[in-house]
Amino acid sequence: MATLIKNYIGGEWASVETMEATPVYNPSRGEVIAQVPAGSADEVNQAVAAARAAFPAWAEVPAVERARILFRYKQLLEENFESLARGVTREHGKTIEEARGDVRRGVEVVELACAIPSLLMGQTLANVARGIDGQLERYPLGVCVGITPFNFPAMVPMWMFPIAIACGNTFVLKPSPKVPLTALRLAELATQAGLPGGVLNVVHGGKEAVEALLRHPEVAAISFVGSTPVAKYIYQTGTAQGKRVQAAGGAKNFMIVMPDADLETTTSAIMGSAFGCSGQRCMAGSMAVTVGRVVGPLLEHLDRAAASLRVGPTDSDNSVAMGPLIDPAAKNRVLGYLNSGVEEGASLRTDGRKIVLAEQSNGFFLGPSIFDRVQPGMRLAQDEIFGPVLTVMRTEDLGEALARANQSPYGNGAVIFTRDGGVARRFAREIQCGMVGINVGVPAPMAVFPFAGWNQSFFGDLHVQGSEGIQFYTRNKVILSRWS
Ligand code: NAD
């Protein structure tokens, strides 16, 4: 029986009361590697109490001293980089290269947070009125909460807590029960870096734990990343409770391919975007919209590339290009889309159900699938599939391609492949989403920029990362002084 993992509260391991638990898999093998507790309101209360108790002292620590701890944390993350990446591969199933990217993107947020003394600087205006000076200062909010999805076990938690704690808040992280181990290791390393107990806590659980966090009177702000229905619920419930909320949701990302696109580089970018992390990315380019005559040659290139994609267990073979889905339910959901696409009349050119693995295993595998002739009304065109399925929709011109992309209720990312600057400019201006790529397959912003979803991909006003992250985790005080 795999071990029941603990919460991490007040800088220490905290036993859980319940024996109710769900399995954490190594998806490459289909083996259970840990049990994660179901979580309870009592455990949430303990974590929030620890964070609340730590807040006044932590908020008083000068920003330069908080930065010193973050510099040590960054150093420890580098020293443990490879083992963190291996841990991500083990509990998530993504390839080791993808796992290194997951950790690296998180470390970059820590690097940003190391600049906190500059980032927290306020504003002054001398003599706003005769004899009166005005100044704006930033203050932390208190206890902040992070609720994270399974698909980036390192990066998404690190979108949140490094900036929150750098700003002087304390934090309770509730990671996805599918990938709780990386989050625990990140918290342990933070303690090792000198972070006082209670500043960063990890509590496990699902809906019950989330409900307790959403309604806890001592929680000031909630950062959520996950699927759209849950994001919307968290935003509505959290704000109704008077909390500040940023909630990033799901996505459907369109990739427009113009007739003048370079086919080699475009194919490689589309393959990476559609099948990277087995399609389990909120920035996965899952829909290629072809314009005019490019469709035939592009499909030939894609079929060839998909046929040579090595799929298999990622924990033993570094040359594997695509790993498994996260769990059996995810695999069944994607199989459902493959069946419905065929029933709705799309043309399945590459069938991921017929997969030959690089190494035999009981993992949750599907190969890459490619559908052509997808129509706007099909489920394949509307839903976030979140698996290794690329769909292709044919259009006649850029206007039609833009209209198709802009019909999507989501608004995370979209990309165009072209050699024409005028076309690229029109696309960037007219596409209705927050993260735009021009000849870039996955336009995920670096830490200094906000992760800028629109529409049903984001609920709130201030996104994670960059200056918006700093604004989200602070509130302003404006001071007017008159000294006679
Ligand atoms: P999910 O919504 O199922 O879970 C996210 C978190 O919410 C988890 O911690 C989970 O325990 C909790 N949760 C799940 N159901 C809940 C409920 N009914 N009530 C309260 N809490 C609940 O998402 P997931 O499957 O872990 O992650 C995949 C989704 O996340 C995809 O839709 C993907 O697009 C999205 N995502 C979005 C971004 C972004 O920046 N927009 C980034 C990464 C992932």
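For the reader, a short list of remarks on this structure follows.
- Whether the range 49-153 is rounded, prolate or oblate, judged on the alpha carbon gyration tensor where a/c under 1.5 counts as rounded: prolate
- Using a cut-off of 25 Å between Cα atoms, the listed pairs Lys252/Lys331; Lys243/Lys477; Lys94/Lys354; Lys207/Lys243; Lys331/Lys354; Lys174/Lys477 include Lys174/Lys477 as exceeding that distance.
- Tensor-based shape of the range 253-438 (alpha-carbon gyration tensor, a/c under 1.5 rounded, otherwise prolate or oblate): prolate
- The string of couplings for the range 449-455 from the Karplus curve (6.51, -1.76, 1.60, θ = phi - 60°) is 9, x, 8, 9, x, 10, 6 Hz, one whole number per residue in order, with x for Gly and Pro.
- Coordinate range along principal axes, alpha carbons of the chain, Å, largest first: 77, 64, 40
- DSSP bridge orientation in the range 253-438 - percent antiparallel, rounded to nearest 5: 10
- Test item: Cα-centred dipole of the range 253-438, Lys/Arg +1 and Asp/Glu -1 on Cβ, debye: 140
- For the range 271-277, backbone phi angles converted through the Karplus equation (6.51, -1.76, 1.60; θ = phi - 60°) give residue-by-residue couplings of 4, x, 6, 7, 10, x, 6 Hz, Gly and Pro being listed as x.
- Taking the DSSP bridge list for the chain and keeping only pairs wholly inside it, about 40 percent are antiparallel.
- Of the residues Ala261, Ala59, Met19, the one whose Cα sits farthest toward the positive end of the charge dipole of the chain, with +1 on the Cβ of Lys and Arg and -1 on the Cβ of Asp and Glu, is Ala59.
- Net charge, Phe71 excluded, C-beta distance under 15 Å - Lys, Arg +1, Asp, Glu -1: -1
- Sites listed here are GluC sites (Glu not before Pro) in the range 6-56 whose DSSP assignment is loop and whose Cβ has at most 15 other Cβ atoms within 10 Å: Glu17, Glu20.
- Each Cα pair under 8 Å and six or more residues apart adds its sequence gap; the mean of these over the residue count of the range 253-438 is a relative contact order of 29 percent.
- Entry note, the chain: relative contact order of 19 percent, from Cα contacts under 8 Å with a spacing of 6+ residues.
- Sparsely packed trypsin sites (Lys or Arg not before Pro) within the range 400-484, loop by DSSP, other Cβ within 10 Å at most 15: Arg419
- Gyration tensor verdict on the range 1-104 (Cα atoms; rounded if a/c is under 1.5, prolate if a/b is larger than b/c, oblate otherwise): oblate
Just so you know, all these numbers are worked out from the coordinates, no wet-lab data involved. These numbers were taken from a predicted model, which means no experiment stands behind them. Ideal geometry is used to build each Cβ from the backbone, glycine not excepted, and the neighbour counts take in all protein chains shown.
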